[in-house]
1. Give me the distance between the Cα centres of region A:92-124 and region B:43-113, rounded to whole Å.
2. Counting only DSSP beta bridges with both residues in chain A, what percent are antiparallel, rounded to the nearest 5?
3. Taking amide H atoms as placed 1.01 Å from N in the peptide plane, list the residues 5 or more away in sequence, or in a different chain, whose amide H sits under 5 Å from that of A:Ser52.
4. In nm, give the distance between the simple-model label positions of B:Ile297 and A:Ala290, each being 7 Å from the Cα along the Cα-to-Cβ direction.
5. Give, as a single signed number, the net charge of other residues whose beta carbon lies under 10 Å from the beta carbon of A:Leu179, with Lys and Arg counted +1 and Asp and Glu -1.
6. Please build a GNM for chain A, connecting alpha carbons under 10 Å apart, and tell me which residue among A:Gly134, A:Gly97, A:Gly231 fluctuates the most.
7. Picking from A:Cys195, A:Cys62, A:Cys322, which is most flexible by a Gaussian network model of chain A using Cα springs under 10 Å?
8. Tell me, rounded to the nearest percent, the portion of alpha carbon pairs in region B:212-275 spaced more than 13 Å apart.
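Where a number appears in this text, it was derived from the coordinates with a stated rule and is not lab data. All values reported here derive from a predicted model rather than from experimental measurement. No Cβ is skipped: glycine too gets one built from the backbone with ideal geometry, and neighbour counts run over all protein chains shown.
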Amino acid sequence: MRNLQTTSVAPVAKDMPLAGKIPVVSPLARVKDLNVQFRSRDATVHAVNGVSFDLMPRDVLCIIGESGSGKSVTMKSMMRLLPPKKTVMTGEIEVNGHKVLDLSERQIRHLRGAEISMIFQEPMTALDPVYTIGRQITEAIRAHEPVTTSEARRRALELLELVRIPSAVSRLDAYPHELSGGLRQRAMIAVALSCKPKLLLADEPTTALDATVQIQVLVLLRQLQDELGMGVIFVTHDIGVAAQIADKIAVMYAGEIVEFGSARDVLVNPAHPYTRAMLASTVHGQARDADLPVIPGDPADLRRLVAGCRFAPRCGVSKSLCLERAPSLVGVAAHHDAACHLINSLT
Amino acid sequence: MFLVDTTSTATDERDVGGAAQPMLIVRDLKKHFAVRGAAVRSTARVHAVDGVSFTVAKGETLGVVGESGCGKSTLGKLLMHLIDADSGELIFDGGAIGTRDMPLTQLRRNLQMVFQDSSSSLNPRLSIETSIAYGPRVHGASASEAKAKARDLLVRVGLRPDIFAGRYPHELSGGQKQRVNIARALALDPRMIILDESVSALDKSVEAQVLNLLRRLREDLRLTYIFISHDLNVVQYISDRVLVMYMGKIVEIGAVDEIYRRPRHPYTKALLRSRLSSSPDERIKLAPLTGDPPNPINPPPGCRFRARCPHARDLCATAEPVLEDGATGRKVACHFAEELADA
């Protein structure tokens, strides 16, 4: 299955305007009506509630939302990284033709690292402190491909060069603690890319980095995505990061996607009241002598979900209908959806 | 909007009171940490804060920005006397701290701090009310006075006492906990508060709520803030002046509008250019700086930024630039600030 290179069709989908004349490209990943609940003795947390989306090959999808919106959980379920005993998952997840939720533990292990890879916020916890960077990359390669040690090492070196780590040869034998934060993040990306995955999942990989380093890593990720033709799902709470890297954006609130569209549609012409309020309350050069617009109240309590629209209790324009019936995603414009009853009356 | 009257402070800085008397004067503050685990007799030292001098005027908000390891949090802790400085002088409203003019107990009444982690700052075993009343009790208030004060402060920070007074920290959201921390910092009626990444861990919608609260409190209680943050947008919104640190040194300080409009130090320029726009049409194609902030252990001679500076020359390797006075209270520590003004 690893020879299923989509690169031959993918560039067409993205760059050519003649969409009608080319064969329909099937999505790289498809999530359908995903529900994730965490059960404990005290409560059931409804972390993800009916999330559906498609990711096309070579697309970068950013999932943005506040803490507890379900963005990380959605992503982790795509790699089946949630604790199986406490988690109840329903729905369908398909990545590159594999039905992720139906695979055996053995099969999913084979998929992880080879076709789907993930990078995390904290490279210091994602990398193993007692092995060198080179060893961790070669281990990943040899777990999935029958290559010799020296061949794996040669590829590890290539990978470090790919992620622009200076003096890569000596860094192969460095331990994670010997690298700076930015280099560690690059090393983690190298490990994740070691088997040329089709889908890269990124969970706030630049949040812990300094501003001058964050932009380096974002520029690098975008270059690598393009060079390797990967699909990327990138979870972040930072609108600036999403604006920098996303093709498409999904906005999540209380475990639901409330808005979905191209980066420009969502960030420049937001439709959902939550997206609008979130953008307005983000500090970016507002007048210093005036209050910032805020979203009143606190994020939704996922142990006790309210009926109707989950955002209604904090929404500035909600009507009685919103408290009774949950809205579903409807088209605002072409390829731009929002889940709000009042979408047509808002301007 | 604020006064930075350096001439008059030079003549009568020991005077208490008066608008011209800065709230805080910091002179040549230094803190080096010995590196643990290094070889015996090692001389490795982290130059966390290395000769920092500035003043904070009454009623103003001084933003402190810089990347991790630049010493901004150490600076906050030194000002608060949570750790002792190696050398340097601190003068709070005319009284040298640690002398009879401004003993530590009196400083702590006047100067308080709010930290980033709202959970670990609160005692999990104390109710909100008890936590807030703790400071006043220690400083001699009766139980009923302290309780009344706590309830009063809960109202001020936007939490209803009838709902929240008896609750424990684990029953609150992050934003609510940070409001409690602010109330607790206010419990001794301080004149100045150091906010160390106080809104950084909050979600954006909650961050805006807390920033509005901080602005209102500043006005109502005539507070002076030192606002330490890595978030350049937030600092721009809340601050009157801004101080930019790099490896334990101030590289630039001045009015926030001037610095954001026309940064003079190459590091400030790069830092501001690394800010991400919220519009996908304004993407950054090329990172303004390469490399990471260097290790602050035993920094090399000369300018500490030179290894990453696109304009570095021979002089930068030998001579350390000093923080030079510019027009309108702006100071820049760069040999070529004048030359690069239009770059």
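1. Each part's Cα centre sits 50 Å from the other's.
2. On the way: 30 of 49 bridges.
Percentage antiparallel, nearest 5: 60.
3. A:Asp33, A:Leu34, A:Ile257
4. 5.1
5. Charge balance near A:Leu179 sits at +1.
6. Maximum fluctuation in the GNM of chain A, among the listed residues, is at A:Gly97.
7. Fluctuation is largest for A:Cys322.
8. Working: 1307 of 2016 pairs.
Result for the distance tail: 65 percent.
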